Each structure stands twice: as C-alpha cells, then as structure tokens.
There are 2 protein chains.
Amino acid sequence: MALFIDVHHTAAKDLDAQTMAEVHSRDVAIQDRYGVRFLRYWFDPVTGKAFCLSEAPSMEAVNAVHQQANGIMADEIFVVYEGQ
Amino acid sequence: MALFIDVHHTAAKDLDAQTMAEVHSRDVAIQDRYGVRFLRYWFDPVTGKAFCLSEAPSMEAVNAVHQQANGIMADEIFVVYEGQ
C-alpha cells in the first residue's frame, strides 16, 4: 500500500460542497473492490481543481475507482510521502 | 482565514523525508509572522511535486512564508474546501 494524491484540473468547477460529497460518496461506495481507501479531499470551485488523498495498492487502482464510480479519471496522480 | 493548497511542480525532486522536514521546519519557524499555519504536506521525490496544506489569511501570506523561509514561491495556490 502506498499514499497517493490524484489531481483533477477542472472537474470541481462551480460544484458546491454537497455535490462534491455526493461525487465522493460514489468513490467510497466501491473503493473496497480495488483495495483503495480515500482519506480526504480538497477542492476549489473557482478553478475546478480537486485533490484526493488515498491509500491504495497502485495508481491503476485509484483510477479504476474514479472511472467506475464517476466516469472520470484523474488528470495527474502521484505517489506521495506525508509530513507535518 | 481560509484553507489553501499550494503546489510546487518540481521542488521536491530527489529530496528525502529528512530534507523535506528541514525545508518545512523553516516555513513553520516563521509562519506566525504572517498568520499562517501549515497543517500537513505531501511530496513525490520522483516527479518533485509537493503539496502544502495550510490555514492562512490570504494566498499572499502563504507565499510570503515560502519566500522568506526558503526563497521559493509556490507554482500554484488554491483556496480549497475540505471533505472526507
């Protein structure tokens, strides 16, 4: 398992928190099929940028969840280490 | 106060966790001057991508901390809402 941040450049444009929560809930509903655990997300409705933090076995698994749940792929995805 | 994610496209390239922690600690050391609170960060040493999550009064304040602490500005910065 590794930590991933996937980035959507414009997918969140003009979306409100409620709509984002609904979109995200569809990811969460099927994440177990792919061994993915979405941890948190952040979005900017002005630019449409969205960042999803997840634990997953692979980039492909993260994208499979997004594709199957919402029909969209991330524009970029990174294996990341966390610090605080 | 708002929540921000600032993005550095290549600044973390080939950096290890220890070096990133040192870089970040210089931000934290001066963040109070600008009313900024860095919450967490993620980085990918392969691509060099780094994401910093902060609470701050403005984008300018976030960038002022980065500039003064480490001499680098974010490549992009977004006002974000968080969900989980």
Run the quick spin-label model on A:N70 and A:L39: label points 7 Å from Cα toward the beta carbon, then report their separation in nm to one decimal.
1.9 nm
Given the protein assembly as shown, report the % of alpha carbon pairs whose separation exceeds 20 Å.
49 percent
Output wanted: per-residue J couplings in Hz (rounded whole) for the range A:59-75, from phi through Karplus 6.51 cos²θ - 1.76 cosθ + 1.60, θ = phi - 60°, x for Gly and Pro.
4, 4, 5, 4, 5, 5, 5, 4, 5, 6, 6, 10, x, 10, 9, 5, 6
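On average, how many beta carbons from a partner chain sit within 10 Å of the beta carbon of a residue in B:41-52?
Details: counts 5, 12, 6, 8, 3, 3, 4, 1, 6, 3, 8, 1.
Mean shielding by partner chains, rounded to a whole number: 5.
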Just the number, please: Stokes-Einstein D of chain A in µm²/s, Kirkwood Rh from C-alpha pairs, 20 °C, 1.002 mPa s.
170 µm²/s
Accessible area that becomes buried as A packs against B, both chains, 1.4 Å probe, Å², nearest 100:
2100 Å²
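Let me check I've understood the local charge: for B:P57, count other residues with C-beta under 15 angstrom from its C-beta, Lys and Arg +1, Asp and Glu -1. What total comes out?
Working: positive: B:R33, B:R37; negative: B:D6, B:D32, B:E55, B:E60.
The answer is -2.
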Can you tell me the orientation of helix A:17-30 relative to chain A, as the angle in degrees between its alpha-carbon axis and the longest Cα principal axis, to the nearest 10?
30 degrees
Please report the residue of chain B with the smallest beta-carbon distance to the B-to-A rotation axis, and give that distance in Å, no decimals.
B:F51, 3
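The values are calculated or read from the model by the stated rules, or taken from the named source; none is laboratory data. Remember, predicted model here, so these are calculated numbers, not experimental data. In this analysis, Cβ positions are derived from the backbone assuming ideal geometry, glycine residues included, and neighbour counts consider all displayed protein chains. Surface accessibility is based on the protein's heavy atoms, side chains included, excluding ligands, DNA and RNA. Shrake-Rupley method; radii C 1.70, N 1.55, O 1.52, S 1.80 Å.
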